[in-house]
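Structure first, then comments.
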């Protein structure tokens, strides 16, 4: 057996491990660190969630209570139905609170129509065998006699070193018992940069339809984790090529494929989308994924309307006219089906999709300030995110062409800065508001107020008047009668 006691001794939680081992010995309970913490220990990744497995019926709850006392009486959350207990503790020398979970070793069996297991007491090896991947099926013993002993029945360390995701048992059993593991495989491929074994890919493909028994809430939780990685394309590609994406996210899968007419073909918009998402993540740098997750979704969905707008013209070739607006209109249904939020975050994604081609029209050196003002008005405080998305959308394999596009968009950004400094249109607020219009013209609240406000706004965006109160009010007085007359004729 391999011992890793030196690694435990040097760890920031060394005292915690020794305390748990000592308490376990006093109670004669075989106790092991298992799962993701063991994996991350060897990958040198920080984690604050630690799972401990004990051997013997009811020993998980028993050990948790004793450890709680040894740690000074920290609270224990018991889940007797599942035979588990959790402790959240602040450990000296460790930056974040640590979530510690105890459970007695168990074995599981599954019914075909459910991913909820039938649970019985089991041995340590039976417990490890039910886990998703070999890299998560390793354990380290904490009892004094065998302290730091690594139990690696399924070759997890070898797979960890090779960067391979493999199941501890027959992959058809693993992915049939709990089909969510297939999406977890895709997530780990994206998070860790690991390769999924050929046997697992085949089993995931054969059992793809099983994903339909998993709740949408659990599925989107894993997809969100894929989207938060530094290479979302790895995970999304796995889901696409195993047929799982077609089941859980058909609108995205429909981007795939290439049509050819008269020897002319369009690019594969699914793989283009993956490039855009990865490009965006690269451009975001060290920004917290939690803060940029909806911009990442905008990149993922920016071309979602292309399958519905695709047309072939013998002169122009393949076109996707209007795909931005079509895509923006598809977002609410997609978000509802995936159980994503239908609030301002949805509207933000819609805005990014709707506007993502607008900066392209500003590349022309003869473009008017009016067009720039309108983009600033429509994008408001999201203009910087929009330009980040637009630059990520450049996926040409021709290096000189790619540099030319980037230079053009840098010039567009300069135009935006110049107009913004002059006209202050970001997050535009009308210099003459509705209350002033009603008081000055003696009109009641209603549709006419909005029409007059729009007339002033359009004059500012056209550059007819500056974005300031006195000029806007003077303009209102000049055009009020014409605007009122035209509104009555409608």
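Values in this text are rule-based calculations from the coordinates and carry no lab data. Since the model is a prediction, treat every value here as computed from it, not as a measurement. Every residue, glycine among them, receives a Cβ derived from its backbone with ideal geometry; neighbour counts consider all protein chains shown.
See the values below:
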| quantity | calculated |
| --- | --- |
| Helix-only mean residue ellipticity at 222 nm for the chain, each DSSP H run of n ≥ 4 adding -39500 (n - 2.57), per residue, nearest 500 | -16500 deg cm²/dmol |
| 0 to 90° range, to nearest 10: angle between helix 269-284 axis and the chain longest Cα axis | 90 degrees |
| Shape of region 142-203, Cα gyration tensor, a/c cut at 1.5 | prolate |
| Shape of region 163-248, Cα gyration tensor, a/c cut at 1.5 | oblate |
| Shape call, region 196-314: gyration tensor on alpha carbons, a/c limit 1.5 | oblate |
| Area projected by the alpha carbon convex hull of the chain, averaged over all directions, nm² | 31.8 nm² |
| Whole-Å distance, taken between Cα centres, linking region 443-479 and region 236-265 | 48 Å |
| Near-label residues of region 8-22 by backbone N, under 20 Å of a point 7 Å along Cα→Cβ of residue 2 | 8-12 |
| Packing rank of 458-471, 332-345, where each peptide gets the mean count of other beta carbons within 10 Å, highest leading | 458-471, 332-345 |
| Residue list for region 139-158, given a label point 7 angstrom along the Cα-to-Cβ vector of residue 199 and an amide N cut-off under 13 Å | 154-156 |
| Gain upon complete extension [residue 212, residue 265; 0.36 nm per residue less C-alpha separation] | 15.7 nm |
| Ordering of 130-142, 43-55 by burial proxy (mean other Cβ atoms within 10 Å per residue, highest first) | 130-142, 43-55 |
| Two-decimal log10 I(q)/I(0) for region 434-489, as the Debye equation yields it once each C-alpha is a single scatterer, q = 0.19 Å⁻¹ | -0.61 |
